[in-house]
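Each value in this text was obtained by applying a stated rule to the coordinates, not by laboratory testing. The structure presented is a predicted model; accordingly, all values stated were derived computationally and were not measured. Glycine also receives a Cβ, built like all others from the backbone with ideal geometry; neighbour counts cover every protein chain displayed.
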Amino acid sequence: MAKRILIVDDSASVRQVSNMALTRAGYEVIEATDGQDALGKLAGKINLIISDVNMPRMDGISFLKAVKAHPNYKFTPVIMLTTEAGEDKKNEGRAAGAKAWIVKPFQPQTMLDAVAKLCLA
Amino acid sequence: MQKVVRLFKRVSVDVPVRPEVNVADAVCVQALPIWSKQIETARLQTEEAIVALSARFAGIVNRLDLALDASQHHSGDADLAQALEAGRRELARVMESLTEIHQSRSTLATQIRSLAAHSSELAKMASEVEQIAFQTNMLALNAAIEAAHVGEAGRGFAVVAHEVRNLATASRETGKGITEKIALVNESLAKIIDTNETVSVREGKALHDSENRIQNVLGQFGDMSASLSRSSEDLRRESGVIKDEIAESMVQLQFQDRVGQIMSQVVGSMRDLDQRASAVVRGEQPALDAEAYMTQMINTYTTDEQRRNHQSGISHTGPVNEPTGTLKVQGGSDIEYF
């Protein structure tokens, strides 16, 4: 059974690149356009979440905190995929419970490696 | 006449306050909302175009995937090779059968020749029969002569001798008949052998020609199959390269995300400045503190190049610094595991 990945990003082109790479690698993908939208899509089995940081309505760090407070998804690994390369934001993500931090622009293979590694854990 | 307002408190000691600066402030107050709208329009148009382009690329990659899958599963390379091999086996069997028939004909010719050899023995035997009949006739003739010398007493013996001569004559005629028939049989056998050999030579030639033609056809079929297989492989390889190129192009389109964020920040800052400027114009707020404002703006940045541009562009004196260049996706991305 294919593993399900939730992609949260306000950029449609980033969602498309990520979705294509993951789908081709055999994953099932759900897309959300921001943190608020993603909260509404937390249902059923989700093996991993990939989230942007800077998004309208609800940013990635707030969404990450909401996931970690959710009884069903607090152990779901979250990868942050963002243009933010600053240490302050990274530390904020680490403190909130993110498992990895990928800086955009990214190679899909880097994301796939991280997904494979964290999905096994 | 435009109302001249003073938007910022000038805090830099090395920048003298000039009257035209106030005019520039006034222009800014009016231009800011327009600039922000223009930039927002450009951002939205870029985003829409990139999303559409990215969707097209994704569609092309998916179609190429489907085409490659179909090509790999239904290319028929394996089927063609199997059909060729099956054809070779079947035709080899046909050639074997034809060769066996050809060999049977040679065996038949050998047997007929052996029969001819037997018939010459028969001819010799018939000749011997004729010879015996001749000698028997001579013997009976002598016996009749001797019987005549004896006179009346030899009359009975003379009758017997006469009958023996009749038998000898009959035997000689039979021997002649056998010899003639054997000659006819031999003639027929010779014709059969000739015909058989002619047919055998023709058959051998036809067999050889057939084998050559079959090998030629199989060779052409094999060449065609190899050529098809090569074309198919070339097509698959080229499609794969195109697909990878398009996928890579899609990765490069991530610039839109960064550009979008940079533009959004600029638009946000402009709107904020517009609101504050309006408040200053209305006299609701004192002139802004430029240094504090710039420091506050740093917190709204989301990319390193914005921060670098800010640091390098903060000085108003001297030539304008070059902006930070575009960021392309190179071999590996920056990743950190926690």
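Would you kindly calculate the translational diffusion coefficient of segment B:143-228, applying Stokes-Einstein with the Kirkwood radius from alpha carbon pairs, for 25 °C and a viscosity of 0.890 mPa s, and quote it in µm² s⁻¹ without decimals? List each step's numbers first, then the result.
On the way: Rh = 19.6 Å.
After rounding, the answer is 125 µm²/s.
Modelling each spin label as a point 7 Å along the Cα-to-Cβ direction, I'd like the B:Q30/B:L235 distance in nm, to one decimal.
6.6
Taking A:K74 as the anchor, which lysines have their alpha carbon closer than 24 Å to its alpha carbon, excluding any fewer than eight residues away along the same chain?
A:K3, A:K41, A:K45, A:K65, A:K89, A:K90, A:K99, A:K117
At q = 0.11, 0.12, 0.14 Å⁻¹, what log₁₀ I(q)/I(0) does segment B:75-247 have when each alpha carbon counts as one equal point scatterer in the Debye sum?
Normalising to I(0) and taking log10 leaves -0.76, -0.81, -0.91.
Rounding to the nearest 20 debye, state how big the charge dipole of segment B:164-319 is about its Cα centre with +1 on each Lys and Arg Cβ and -1 on each Asp and Glu Cβ.
Numbers: 18 positive and 23 negative charges, 208 e Å.
That gives a dipole near 1000 debye.
What is the log10 of I(q)/I(0) for segment A:52-114, computed with the Debye formula using one identical point scatterer on each Cα and no solvent, at q = 0.16, 0.21, 0.27, 0.29 Å⁻¹?
-0.50, -0.84, -1.22, -1.30
On average, how many beta carbons from a partner chain sit within 10 Å of the beta carbon of a residue in A:106-117?
3
Given R₀ = 56 Å, what would the calculated FRET efficiency be for B:N166 paired with B:T195, taking r from the Cβ atoms and rounding to 0.05?
It comes out at approximately 0.80.
Loop-only GluC sites (Glu not before Pro) in segment B:44-133, please: DSSP not H, G, I, E or B, and at most 12 other Cβ atoms within 10 Å.
Passing both the DSSP loop test and the Cβ count: no residue.
What three numbers, in Å, describe the spread of the alpha carbons of segment B:47-140 along their principal axes, ordered from the longest?
Principal extents (Cα only, largest first): 139, 13, 9 Å.
For segment B:75-247, with only Lys/Arg (+1) and Asp/Glu (-1) charged at the beta-carbon, what is the dipole magnitude about the Cα centre, in debye rounded to 20?
Once rounded to the nearest 20, the dipole reads 600 debye.
Just to compare against my own numbers: the Cα pair-distance distribution for the protein assembly as shown, 10 Å bins, whole % per bin, please.
Once binned at 10 Å, the Cα pair distances of the protein assembly as shown give 4, 12, 14, 11, 9, 7, 5, 5, 5, 4, 4, 4, 4, 4, 3, 2, 1, 1, 0, 0.
For A:Q107, which sequence-distant residues (separation of 5 or more, or a different chain) have an amide H within less than 5 Å of its own amide H, given hydrogens modelled in the peptide plane?
Under 5 Å from the amide H of A:Q107 lie the amide H atoms of B:S333, each far enough along the sequence or on another chain.
Please report, in debye to the nearest 20, how large the charge dipole of the protein assembly as shown is about its Cα centre when each Lys and Arg carries +1 at its beta carbon and each Asp and Glu carries -1 there.
1400
Report the gain in length on full extension from B:I112 to B:S278: 0.36 nm times residue separation, minus Cα-Cα distance, nm rounded to one decimal.
Stretched out fully, the B:I112 to B:S278 stretch lengthens by 47.0 nm.
Taking the Cα atoms of segment B:78-118, report the difference between the largest and smallest coordinate on each principal axis, in whole Å and largest first.
60, 6, 5
Give me D for segment B:208-261 in µm² s⁻¹, whole number, from Stokes-Einstein with Rh from the Kirkwood sum over alpha-carbon pairs, 20 °C and 1.002 mPa s.
Reported coefficient: 144 µm²/s.
Take every residue in peptide A:53-66, count the Cβ atoms of other chains within 10 Å of its Cβ, and give the average of those counts.
Taking the mean over all residues of the peptide, I get 1.
Could you give the alpha-carbon Rg of segment A:4-120 over 2.2 N^0.38 Å, rounded to two decimals?
0.93
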